[in-house]
Amino acid sequence: MAIRTIREYGDEVLGKHCKDVKHMTPGLALLINDMFDTMYEAQGVGLAAPQVGVLKKVFVVDVTGEDPMVFINPEIYEADGEQEGYEGCLSLPGKSGIVKRPMHIRVRALDRNMKEFDMEAEELLARAICHETDHLDGRMYVELVEGELVNNEDIQREEEE
Ligand code: NI
């Protein structure tokens, strides 16, 4: 198990475009394993390669804690509907903001064996895939936030009241 350092908002690597992955290599396989370890350790539901300083089109997602998925060179080719809700990012710990995302998407990508797959996603999984795909284009969710960023503790307090 290897935990990598998560780059924080303001780090210039988070504003850069990632390159397509051409081949699976031992280094990339290790990166993917480390990204899962790092994401679970930080209790996130998604992590993109630039967040650990690697400018390659790779992200990992697990929105249930039991469904780890790898996306290489992803392409969201259909999006419809709308959902509005709090979104956060491991590169901006402790903060969240309200972001509108499509309710439903279709995405094509390669898996860790470089095999193409095509899937539909909705709700939280669609949100996570959109968020992580944005990272590969150097975009952070804060650019999409409506209103102010809030502290996560304040959201919990709001929900308890
Ligand atoms: Ni993020």
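Mind listing whichever residues of region 5-34 are part of a loop (DSSP other than H, G, I, E, B), open to solvent by less than 100 Å² (accessible area, probe 1.4 Å) and among the acidic types (D, E)?
D11, D20
Sort out which residues of region 38-51 are of a type in the set (A, V, I, L, M, F, W, C) and crowded, with 18+ Cβ neighbours inside 10 Å, and write them in order of number. Selection gives M39, V45, L47, A48, A49. With the structure loaded, tell me whether N113 is free of Cβ contacts under 8 Å to residues at least 60 places away in the same chain and either more than 29 Å from R157 (Cα to Cα) or among the aromatic types (F, W, Y) (or both) or whether it fails that test. Spelling it out, it is not the case that N113 is free of Cβ contacts under 8 Å to residues at least 60 places away in the same chain and either more than 29 Å from R157 (Cα to Cα) or among the aromatic types (F, W, Y) (or both). The set of residues in region 89-127 being assigned to a helix (DSSP H, G or I) and either open to solvent by less than 10 Å² (accessible area, probe 1.4 Å) or among the β-branched types (V, I, T) (or both) consists of A126 alone. Going by the structure shown, is V54 open to solvent by less than 70 Å² (accessible area, probe 1.4 Å) and not in a helix (DSSP H, G or I)? Yes; evaluated as a whole, the condition is true for this residue.
The values are calculated or read from the model by the stated rules, or taken from the named source; none is laboratory data. These numbers were taken from a predicted model, which means no experiment stands behind them. Heads up, the Cβs are rebuilt from the backbone with ideal geometry, glycines too, and the neighbour counts pull from every protein chain shown. Note: accessible area is taken over every heavy atom of the protein model, side chains too, but ligands, DNA and RNA are not part of it. Shrake-Rupley method; radii C 1.70, N 1.55, O 1.52, S 1.80 Å.
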